[in-house]
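Before any comments, here is the structure.
None of the figures in this text is laboratory data; all of them are computed from the coordinates on show. It should be emphasised that the depicted structure is a prediction, and the values quoted were computed from it without experimental measurement. All Cβ positions, even for glycine, are placed from backbone atoms using ideal geometry, and neighbour counts span all protein chains on display.
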Amino acid sequence: MKTVLLIEDESALQKTIGDALGQEGFSVLSALDGEAGLRLAKDKLPDVILLDLILPKANGFDVLRTLKGHEETKHIPVVVLTNLESMEDVQKALDLGAMSYLVKANYKLEEVIEKVRQAL
């Protein structure tokens, strides 16, 4: 079973996405802030990470930079799922190593799950 780490501070959205991923056969780990997400990523080494950018304690850009800077986590594909939609933010996330960048308002849940599958 493939494991997805969902780093998302909106608990309702985290539950919705987590439940949907679980129904699709994924094991889901969840973190409500950037620091907890980094700890889980390093401890559990998930197969893919779904990352919000606007997070408490450590923002998503910092999380991405840290993940890609460590030998044990740099290979883990990261799909960014956020409300930030400026081209500058998109480019920054991709430059830091994100595999995909999804703006929450523009994607259905099924499309998010498909991006997770593509990242594996």
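So the values come out like this:
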{"item": "Kirkwood-based shape ratio for the range 3-119, expressed as Rg/Rh from alpha carbons", "result": "0.91"}
{"item": "Order of Tyr107, Tyr101 under a 10 Å beta carbon neighbour criterion, fewest first", "result": "Tyr107, Tyr101"}
{"item": "Label point distance in nm, Leu109-Ser27, each placed 7 Å from Cα along Cα→Cβ", "result": "2.3"}
{"item": "Sorted by Cβ neighbour density within 10 Å, fewest at the top, the residues Glu114, Glu8, Glu35", "result": "Glu114, Glu35, Glu8"}
{"item": "Sequence of Lys57, Lys74 once ranked by neighbouring C-beta atoms within 10 Å, starting from the fewest", "result": "Lys74, Lys57"}
